[in-house]
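Below: the structure, in structure tokens.
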Protein chains: 2
Amino acid sequence: MLFGGIEGGGTKFVCAVGDEAGQIHQWVRIPTIDPAHTLDAAIAFFKKQEVLRNERLAAIGIGSFGPVDLDPASEHYGYITRTPKEGWAFTDVAGPVQKAFPDVPVGFDTDVNTAALGEQRWGAAQDWDTFIYLTVGTGIGGGGMLAGRMLHGLIHPEMGHVLLPVREDDPLARGVCPFHPNCLEGLACGPAIQARWDAPGETLAPDHPAWDLEAHYLALALVDFMVTLSPQGIILGGSVMHQRQLYPLIRQKVRALLNDYLVHPRLETLEDYIVPPGLGDDAGVRGAIALGQAALAAD
Amino acid sequence: MLFGGIEGGGTKFVCAVGDEAGQIHQWVRIPTIDPAHTLDAAIAFFKKQEVLRNERLAAIGIGSFGPVDLDPASEHYGYITRTPKEGWAFTDVAGPVQKAFPDVPVGFDTDVNTAALGEQRWGAAQDWDTFIYLTVGTGIGGGGMLAGRMLHGLIHPEMGHVLLPVREDDPLARGVCPFHPNCLEGLACGPAIQARWDAPGETLAPDHPAWDLEAHYLALALVDFMVTLSPQGIILGGSVMHQRQLYPLIRQKVRALLNDYLVHPRLETLEDYIVPPGLGDDAGVRGAIALGQAALAAD
């Protein structure tokens, strides 16, 4: 069977066709311009793949940047809602895809819940049913599962906006989030690093003080997530986490902050508890294929 | 049918027998002395009720102070684990009850998850399947549900230990939690109020500055829980919340901190979003009866 997956990001839409095992057979990267052009190009990619392979898609999954409407009873189900991204506020994303493939189940969720699903199927979370997937890049977003169910609620998690104490030696006067002076995203996303050190993070040396501060803020947030959800593990992805030196720093700081309050063998070193995505940068799009499979199974 | 419920707290065990509708027919309060005496007295209460009513209990639910072991595969399932409370570390709580009533399903969970279950059955959370129950008293603990399942994970939530920025005008040099200088419990539990103002909270006037600071810390924590779990509502119980002036203060501060970032009709006033327990101070013990019913249904 052939599945379609869309990882809808603020910069690019990655579309792929893959199989039951989540192996990707073909993919394309479409810039996130205006909704009509981007969604048309995504649909055209899938249509073309169907022709080339002489096989219909069995289902499509869409993991979208947010905020999104996940309430099946809502008139705006499948929409990106109140985003500051120009032209994308209140855009129906799932609708046009469903219309183009009327007989095919279409799954829709947040980008981070979708990546979490991919990690549970084929990545680092295969042994977990309660865990968090956090992406640290241009923004910071978190999703995950509890007892095998993706994290939905009144809306959906917005973990990037957890409020943190600002460290006294932080050279940044306030975080870059326009809503919150001291939320995780505002203090630790890629643009915050750039604003703080006047240089993009990827140009800073691995021993630059930027990384100690970055690890500090991420560790504070992870402790908050751990005491709120008690996850069996935490996956940290996104472009900022390409800085591999962050993982041991974050583990060490989480241990120091917890101060032996939570006692469990899995929390002793955190080596297999705070981990990179098993699927690397493909977690999002392979997760979208898994989401398509889940939509088919639920159909 | 007759159900037994135990609300096991650090100061007292409240035991009750009740019916399918969660109505309590008889109850007793047993001081939390040493485990043998307290558990024996609880079991004796239930045995006596069976004789008086000439009816066997159909199931028993236990909501216990923690940390507890909720992993059915663990050798310490049903235990209170590493508590600082003298004599209670690694105490089997569910085991002796099960042994005394060998043919009866015994449910076991945290005190706060159990109270949350009671609120969902008969209290303020009847329309919610994803919500938080936070108790603010001698300690601060949080539980709740996601998609109708109680919050379990690697261990269980410990929401009192979310880390907060200390407000500059806080006269307390550090929180009273021995593990964390700035966690919610350390800054906002009853003993923190007493340490900060040199008087028990219940003796302070409703317009004392204590309550603005208390509402501030609780609001910061609620924002963290809201962005992590996206609950459909939050129930605030416990003795500190007998100060009813806290509810409007907390709602106002949560709105200010969120700063319109999360958009949903239910978040506009928060009047029916941040609420007292519908069952008042009976949420714990009626929840325990609901937990017994759930254990029977799952049996």
What is the stretch B:1-58's relative contact order, in percent, from Cα pairs under 8 angstrom and six or more apart in sequence? 33
With DNA, RNA and ligands ignored, accessible area of residue A:296 (1.4 Å probe; Å², nearest 10): 50
Taking residue B:266 in one copy and the same position in all the others, each labelled 7 Å out along Cα→Cβ, what are the pairwise distances from the first, in nm, shortest first? 2.8
Between residue B:13 and residues 5 or more places away or on another chain, which pairs have amide H atoms under 5 Å apart, with H built 1.01 Å from N, and which residues are they? B:30, B:32
Average beta carbon contacts from partner chains per residue of A:130-139, 10 Å cutoff: 1
For the stretch A:235-299 and the stretch B:253-299, distance of Cα centres in Å: 29
Which ³J(HN,Hα) values in Hz, rounded to whole numbers, follow from the phi angles of the stretch A:90-104 under the Karplus curve 6.51 cos²θ - 1.76 cosθ + 1.60, where θ = phi - 60° and Gly and Pro get x? 6, 9, 6, 9, 5, x, x, 5, 4, 5, 6, 10, x, 9, 10
Under 17 Å from residue B:47, Cα to Cα: lysines that are on another chain or at least 8 residues apart: B:99
What is the calculated FRET efficiency for residue A:252 to residue A:198, with r their C-beta to C-beta distance and R₀ = 35 Å, to the nearest 0.05? 0.80
Mind checking the angle between helix A:283-298 and chain A's longest principal axis? C-alpha axes, 0 to 90 degrees, to the nearest 10. 50
Taking only protein heavy atoms and a 1.4 Å probe, the highest-to-lowest accessible-area order of A:281, A:127 is A:127, A:281
For the ranges A:175-185, B:95-105, what's the packing order if you count other beta-carbon atoms within 10 Å of each residue, average per peptide, and put the highest first? A:175-185, B:95-105
Roughly how large, in nm² to one decimal, is the mean projection of the convex hull of the alpha-carbon atoms in the stretch B:38-82? 4.1
Cα-based Rg of the protein assembly as shown normalised by 2.2 N^0.38 Å, two decimals: 1.00
From other protein chains only, count the Cβ atoms within 10 Å of every residue's Cβ in B:34-41, then give the mean. 0
Connecting C-alpha atoms closer than 10 Å in a GNM of chain B, tell me which of B:34, B:109, B:92 has the biggest fluctuation. B:34
Nearest 10 degrees, 0 to 90: helix B:209-229 Cα axis against chain B principal axis: 70
Work through the residues other than residue A:35 whose Cβ is under 12 Å from its Cβ and net out their charges, Lys, Arg +1 and Asp, Glu -1. -3
Residue A:167 accessible area, nearest 10 Å², 1.4 Å probe? 60
In deg cm²/dmol, rounded to 500, what helix-only [θ] at 222 nm does the protein assembly as shown give when every DSSP H run of at least 4 residues adds -39500 (n - 2.57) and the total is split over its residues? -10500 deg cm²/dmol
Just read off the accessible area of residue A:1 with the full protein assembly in place, 1.4 Å probe, to the nearest 10 Å². 110
Count the DSSP beta bridges whose two residues both fall in the protein assembly as shown, then state the antiparallel fraction as a percent rounded to the nearest 5. 60
Using a 1.4 angstrom probe with every protein chain in place, what is the largest-first accessible-area order of B:271, A:75? A:75, B:271
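Ignoring ligands, DNA and RNA, what percent of the 1.4 Å accessible area of the protein assembly as shown is carbon and sulfur?
About 51 percent, which is the carbon plus sulfur part of the accessible surface.
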Over both sides of the A-B contact, add up the buried accessible area with a 1.4 Å probe and give it to the nearest 100 Å². 3800
Relative contact order (percent, whole number), chain B, Cα cutoff 8 Å, 6+ residue spacing: 22
Report relative contact order for the stretch B:168-268 in percent, whole number only (criteria: Cα-Cα under 8 Å, sequence separation at least 6). 22
How many percent of all Cα-Cα pairs in the stretch B:26-156 sit more than 18 Å apart? 59
On a 0 to 90 degree scale, rounded to 10, what angle separates helix B:246-258 from the longest Cα axis of chain B? 60
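How do A:224, B:207 rank by accessible surface area computed with a 1.4 Å probe, from largest to smallest? Working shown, then result.
Numbers: A:224 0, B:207 130 Å².
Correct descending sequence by accessible area is B:207, A:224.
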When you look at the Cβ of every residue in B:140-147, what mean number of other chain Cβ atoms sits within 10 Å? 3
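The values are calculated or read from the model by the stated rules, or taken from the named source; none is laboratory data. Bear in mind the structure is a predicted one, so any value in this text is a computation, not a measurement. In this analysis, Cβ positions are derived from the backbone assuming ideal geometry, glycine residues included, and neighbour counts consider all displayed protein chains. In case anyone asks, the SASA skips ligands and DNA or RNA and just uses the protein heavy atoms, side chains included. Shrake-Rupley method; radii C 1.70, N 1.55, O 1.52, S 1.80 Å.
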